[in-house]
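**Q** Let me begin by handing over the structure; questions about it come next.
The values are calculated or read from the model by the stated rules, or taken from the named source; none is laboratory data. Values in this document were obtained by computation on a predicted structure and should not be read as measured data. Cβ placement follows ideal geometry from the backbone for every residue including glycine, while neighbour counts extend to all protein chains displayed. Just the protein is used for accessible areas: all its heavy atoms, side chains included, with ligands, DNA and RNA removed. Shrake-Rupley method; radii C 1.70, N 1.55, O 1.52, S 1.80 Å.
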Amino acid sequence: MTFDRDVPGWERVAAGVRRCRLPVWDCTVGLVTGTGGALLVDAGSSLREGARVRAEAQALAGRRVTHLALTHPHFDHVLGAAVFAGAEVFAAVGPAAAWSAEGLRTDAVRHGLDEREAAGAADTLVRPGHEVSGDVVLDLGGGREAVLVNAGPGHTAQDLAVLVPGDPPVVFCGDLVEESGAPQAGPDAVPSRWPAALDRLLALGGADARYVPGHGAVVDAAFVRAQRDALAARFGVSHRP
């Protein structure tokens, strides 16, 4: 296995687990590898960015990406997905309208993505072939598992988290957790249930896990608890862990 090879920009989170903070929107993509497969968490904001991630992930894993987990249907996390030909694509169950190519294209342009890049990605948009309603365990080989969990709603109506058991455990949180700024609550957010979603993340990973936010630096359980409490106060949610 070649996973311990260094590729600039890819941080080692735990054994067999890496992540990269992409430019412009500081969006995280993650990579989990075993002897028989490689899971990518999120795909970047465009076909060009997705192609860069694909090449770097393949160099790290020594194989193509076999599974792709999309944490939620926002352009900066999903518009690169079309370049991962042959990968099984997973997302949390939810309304099909959230995967509207035109809606994602419009949002991408509004946030500054080049119009031609946005149109190209929207025209080839990959929608999830597997919808996760509870949890799904992926066997990546060599004892490596990844657990895909429907952790929302919160940031959106369909938030997927990824638990990588190990020492320490790693939880990819998507935008349920953000470190580089306050969590963003757009029109598709479900604020009344967001704090409970963070409780689910904490139950998944436990006190010693490393929590990888959708944007920003890797954090610990104390940070997630503090963000949960801040969200409850911000949205006026009466919440008991």
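**Q** Scan Ala189, Ala209, Ala221 and give me the residue that is within 25 Å of Cys20 (Cβ to Cβ), under 17 Å from the mean Cα position of the chain (by Cα) and not charged (D, E, K, R).
**A** Numbers: Ala189 fails: within 25 Å of Cys20 (Cβ to Cβ); Ala221 fails: under 17 Å from the mean Cα position of the chain (by Cα).
Sole residue among the options that is within 25 Å of Cys20 (Cβ to Cβ), under 17 Å from the mean Cα position of the chain (by Cα) and not charged (D, E, K, R): Ala209.
**Q** Give Glu102, Glu11 a once-over and let me know the one that is modelled with pLDDT of 95 or more, in a strand (DSSP E or B), open to solvent by 30 Å² or more (accessible area, probe 1.4 Å) and of a type in the set (Asp, Glu).
**A** Values: Glu102 fails: in a strand (DSSP E or B).
Sole residue among the options that is modelled with pLDDT of 95 or more, in a strand (DSSP E or B), open to solvent by 30 Å² or more (accessible area, probe 1.4 Å) and of a type in the set (Asp, Glu): Glu11.
**Q** I need the full set of residues from segment 126-167 which are more than 26 Å from Thr33 (Cβ to Cβ) and among the hydrophobic types (A, V, I, L, M, F, W, C), in order please.
**A** Hit for segment 126-167 is Ala157, nothing else.
**Q** Here is a follow-up. Give the residues of segment 89-113 that are without any contact (Cβ under 8 Å) to a residue 40 or more places away in the chain and not small (Gly, Ala, Ser), sorted by residue number.
**A** Of all residues in segment 89-113, those without any contact (Cβ under 8 Å) to a residue 40 or more places away in the chain come to 96-97, 99-107, 109-110.
Selection gives Trp99, Glu102, Leu104, Arg105, Thr106, Asp107, Val109, Arg110.
For every residue, the table says whether it meets (1) in contact with a Leu (Cβ under 6 Å, 6 or more places away or on another chain); (2) of a type in the set (S, T, N, Q); (3) open to solvent by 50 Å² or more (accessible area, probe 1.4 Å); (4) in a loop (DSSP other than H, G, I, E, B).
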{"position": "Val126", "(1), (2), (3), (4)": "no, no, no, yes"}
{"position": "Val136", "(1), (2), (3), (4)": "yes, no, no, no"}
{"position": "Leu163", "(1), (2), (3), (4)": "yes, no, no, no"}
{"position": "Asp167", "(1), (2), (3), (4)": "no, no, yes, yes"}
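**Q** Give just the number: which of (1) farther than 16 Å from Gly30 by Cα; (2) not in a helix (DSSP H, G or I) does Pro213 not satisfy?
**A** (1)
**Q** Continuing with the same structure: Considering Ala97, Ala121, Ala108, which residue is on the phi < 0 side of the Ramachandran plot and either modelled with pLDDT under 95 or surrounded by fewer than 14 Cβ atoms within 10 Å (Cβ to Cβ) (or both)? Don't jump to the end; show me each part of the working.
**A** Working: Ala121 fails: either modelled with pLDDT under 95 or surrounded by fewer than 14 Cβ atoms within 10 Å (Cβ to Cβ) (or both); Ala108 fails: either modelled with pLDDT under 95 or surrounded by fewer than 14 Cβ atoms within 10 Å (Cβ to Cβ) (or both).
Unique residue meeting the criteria: Ala97.
**Q** Please give the strands (runs of 3 or more DSSP E) falling wholly within segment 22-69 in which 1 or more residues are over 19 Å from Val218 (Cα atoms), open to solvent by 10 Å² or more (accessible area, probe 1.4 Å) and not aromatic (Phe, Trp, Tyr). Before the answer, list the steps.
**A** Values: elements: 28-33, 38-41, 67-69.
Correct list: 67-69.
**Q** Also, quick follow-up: Would you pick out the residues in segment 197-215 that are touching a helix residue (DSSP H, G or I) at 6+ places or on another chain (Cβ under 8 Å) and open to solvent by less than 20 Å² (accessible area, probe 1.4 Å)? Working first, answer last.
**A** We begin by selecting, within segment 197-215, every residue touching a helix residue (DSSP H, G or I) at 6+ places or on another chain (Cβ under 8 Å); these are 198-199, 201-202, 205-209, 211, 214.
Listed by number, the residues that qualify are Leu198, Leu201, Gly205, Ala209, Tyr211, Gly214.
Okay, residues lined up against (1) among the small types (Gly, Ala, Ser); (2) closer than 19 Å to Phe75 by Cα:
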{"position": "Gly143", "(1), (2)": "yes, no"}
{"position": "Pro165", "(1), (2)": "no, no"}
{"position": "Pro169", "(1), (2)": "no, no"}
{"position": "Asp175", "(1), (2)": "no, yes"}
{"position": "Ser180", "(1), (2)": "yes, yes"}
{"position": "Pro195", "(1), (2)": "no, no"}
{"position": "Ala217", "(1), (2)": "yes, no"}
{"position": "Ala226", "(1), (2)": "yes, no"}
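**Q** Something else now. Can you tell me which residue in segment 216-234 is least open to solvent (accessible area, probe 1.4 Å), limited to those that are more than 19 Å from Cys27 (Cα to Cα) and not hydrophobic (A, V, I, L, M, F, W, C)?
**A** Within segment 216-234, the first condition is being more than 19 Å from Cys27 (Cα to Cα), and the residues that meet it are 221-222, 225-226, 228-234.
Then drop every residue that is not not hydrophobic (A, V, I, L, M, F, W, C), which leaves 225, 228-229, 234.
Working: Arg225: 102, Arg228: 21, Asp229: 79, Arg234: 119 Å².
It comes out as Arg228.
**Q** Next up: Identify the single condition in (1) of a type outside the set (A, V, I, L, M); (2) within 22 Å of Val53 (Cβ to Cβ); (3) assigned to a helix (DSSP H, G or I) that Phe90 does not satisfy, given that it satisfies every other one.
**A** Of (1) of a type outside the set (A, V, I, L, M); (2) within 22 Å of Val53 (Cβ to Cβ); (3) assigned to a helix (DSSP H, G or I), only one is false for Phe90: (3).
**Q** Could you check segment 169-189 and list, in sequence order, the residues that are of a type in the set (Val, Ile, Thr) and open to solvent by 40 Å² or more (accessible area, probe 1.4 Å)? Full working, then the answer.
**A** Pass one, segment 169-189, residues of a type in the set (Val, Ile, Thr): 170-171, 177.
If the condition is that a residue be of a type in the set (Val, Ile, Thr) and open to solvent by 40 Å² or more (accessible area, probe 1.4 Å), then no residue fits.
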